[in-house]
Amino acid sequence: MIKFFRKIRQNLLMEKKTSQYFKYAIGEIVLVVIGILIALSINNWNEARKVELKKQELVLNLINDFEENRAKLKPAITHSDSLSYKMNTFFDNAYQSNLKISIDSLKKLSYGFFRPVGFFPIMDSYEGAKASGNLSLLNEKELSKQLIMFQERYNFFKGVQKQGEDSFFGGPIWELKKEIGSLNKLTGRNKRDYDNIDIETYLKLIKTHLVIATFENQDNINRNTNRALKEIDEISIKIIEILNSMKK
């Protein structure tokens, strides 16, 4: 092709057709420029396509992660709701002048004060995209806002769980265990002789300041846990909705 154009130029020069030669030269330059622009457009299209494919892969991965997080949140919320019910039922019955439920039922309810709620979200796609800078591919303000809110609420949840751990290993629960010897005296989880106490002693025990303070502390921890889990779930729903709107 290059030899063909060169031959045309040479013929025009040899025939002394200068004006036609310049027109032809200009036309050839225009063709070259058009060719370059087409090549650049194709290259830009290919690059944009690669970026879009990477973006769509990230969107799908995030959707999968947050849908799985919601699946993990469901039993955690159910567990926390169950603990709330048990704690409320305990408070509604334990301190009445006329006990309307059995001591065994009261002990089973009290066990709820010592059961932690766990939730560990999958954040691999998010953290990987954040570290590599690929998170900027999404370029969605509302999504960025919701992702930050998710992290903040999860950090709050972890802080509440840390309070529960501290209570068990060095706080109110630890002090209670040192005072009464075993939590089984309150919960009746093990039927060992030294854990069994009579009804009168049990009712006195649950009315001591240390037991009441411990139960109230655990109730507060579970309330914060329950609120945080439900807020995390609501944020996850919004994140999934935004990501689904970005799918192509």
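Structure values in brief
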| read-out | value |
| --- | --- |
| Among the candidates LYS207, LYS178, residue that is farther than 17 Å from TYR111 by Cα and open to solvent by 50 Å² or more (accessible area, probe 1.4 Å) | LYS178 |
| Residue ranges of helices (runs of 4 or more DSSP H) in the range 168-228 with at least 3 members more than 16 Å from ALA94 (Cα to Cα) | 172-180 |
| Unmet requirement for LYS248, which otherwise passes all of (1) touching a residue at least 12 places away in the same chain (Cβ under 8 Å); (2) closer than 28 Å to LYS162 by Cβ; (3) surrounded by fewer than 18 Cβ atoms within 10 Å (Cβ to Cβ) | (2) |
| Some residue of the range 176-191 being at positive phi and touching a residue at least 60 places away in the same chain (Cβ under 8 Å) | yes |
| Residue check for SER102: open to solvent by less than 30 Å² (accessible area, probe 1.4 Å) and at pLDDT below 90 | no |
| Contacts under 8 angstrom Cβ, first residue in the range 31-57 being assigned to a helix (DSSP H, G or I) and loosely packed, with under 10 Cβ neighbours inside 10 Å, partner modelled with pLDDT of 75 or more and not hydroxyl-bearing (Ser, Thr, Tyr), 6 or more apart | none |
| Pair list, Cβ under 9 Å, 6 or more apart: the range 162-174 residue over 19 Å from TYR111 (Cβ atoms) and of a type in the set (D, E, K, R), other residue open to solvent by 50 Å² or more (accessible area, probe 1.4 Å) and part of a helix (DSSP H, G or I) | ASP166/TRP174 |
| ALA213 being open to solvent by 20 Å² or more (accessible area, probe 1.4 Å) and either modelled with pLDDT of 90 or more or of a type in the set (Phe, Trp, Tyr) (or both) | yes |
| Selected residue [surrounded by fewer than 16 Cβ atoms within 10 Å (Cβ to Cβ), more than 22 Å from ILE242 (Cβ to Cβ) and of a type in the set (Asp, Glu)] from GLU152, GLU165, GLU142, GLU127 | GLU165 |
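The values are calculated or read from the model by the stated rules, or taken from the named source; none is laboratory data. Keep in mind that this is a model prediction, so the values were computed, not measured. Cβ sites come from the backbone with ideal geometry, for glycine too, and all protein chains shown count toward neighbours. These accessible areas exclude ligands, DNA and RNA; they are computed on the full protein's heavy atoms, side chains included. Shrake-Rupley method; radii C 1.70, N 1.55, O 1.52, S 1.80 Å.
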